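The values are calculated or read from the model by the stated rules, or taken from the named source; none is laboratory data. Only a predicted model underlies this, so the values are computations on that prediction, with no experimental measurement involved. Don't worry about glycine lacking a Cβ; one is built from the backbone with ideal geometry, like all the others, and counts go over all protein chains shown. Note: accessible area is taken over every heavy atom of the protein model, side chains too, but ligands, DNA and RNA are not part of it. Shrake-Rupley method; radii C 1.70, N 1.55, O 1.52, S 1.80 Å.
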Amino acid sequence: MTTAKNTAILEGVRIIDLTSVVFGPLATQMLGDLGADVIKVEAPEGDLLRQVQPSNNKLMGAAFLGANRNKRSVVLDLKERTGQDQLRKLLKDADVMISSIRPAALARLSLDPETLRRAYPDLITVSATGFGQDGPYAAKPAFDDIVQSVSGFASLATLRDPDAAPMFETLTAFLLAEHMDAATFEDTPQSFGYSRMLVPHRRPVQTTDGYITILPYTNVQWTRFFQVVDRNDM
């Protein structure tokens, strides 16, 4: 005979969440679902995913809500000494720190595993990075289109079969994070599908000698993109 699952199996475990967008936040959301006390640390401008529409309230987009339930949130500017000191106070009472910050940036903030191990011997550190801790791509950003392109997965786009998902729960969780879209909110017309993923322009672009993926994501990246293509007027 089986007993009911204990959904609060991680009750009493405190997790400091330094992840953003979808990759890391989905993982920490699962831990929050299991009862962990997840404290999400955000920069003053907030998690980039907050700005993705649709949204009923400012900076509370559907995609963000689909990846950040069961969490508390605190704003800390880790570029400033005050923010770094406040984070270290949080770490004193934490069991786990999960980060999607690139290794080099963590080291600059003295938040790399070796430094943290000396300061907090019992703290478990987890790194959620797209390209791992070493190798030629370790310092590179890893947005979804980039990883799909570098791995060759983008070339399989025409072969994808949504009916071939091995687990209903896995596919549903992915849809909640992105493709639930406006259907997330009860008081809006039902609208499924993450428009940014479905537009024909968000695909690898063919050039004379192959394909290239272009994905300016933040305002800084858009500015650099316009500079590279010699369109500073834009």
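Remarks
- Subset of the stretch 35-69 (residues that are more than 25 Å from E80 (Cβ to Cβ) and in contact with a Leu (Cβ under 8 Å, 6 or more places away or on another chain)): G35, A36, G61, A63, G66, A67
- Single unsatisfied condition, I39 versus (1) open to solvent by 70 Å² or more (accessible area, probe 1.4 Å); (2) touching a Lys or Arg at 6+ places or on another chain (Cβ under 9 Å): (1)
- If the condition is being open to solvent by 40 Å² or more (accessible area, probe 1.4 Å), polar (S, T, N, Q) and within 28 Å of D33 (Cβ to Cβ), then the stretch 68-85 contributes N70, S73.
- Taken together, L59, L65, L10, L34 contain a single residue that is of a type outside the set (V, I, T), at positive phi and open to solvent by 40 Å² or more (accessible area, probe 1.4 Å), which is L59.
- Condition met for I16 (open to solvent by less than 50 Å² (accessible area, probe 1.4 Å) and closer than 22 Å to Q133 by Cα): yes
- Residues of the stretch 87-117 that are under 27 Å from G35 (Cα atoms), open to solvent by less than 50 Å² (accessible area, probe 1.4 Å) and without any contact (Cβ under 8 Å) to a residue 12 or more places away in the chain: D112 alone.
- Complete set of residues in the stretch 118-147 that are out of contact with any strand residue (DSSP E or B) (no Cβ under 9 Å at 6 or more places or on another chain), open to solvent by 60 Å² or more (accessible area, probe 1.4 Å) and of a type in the set (A, V, I, L, M): A119, A139
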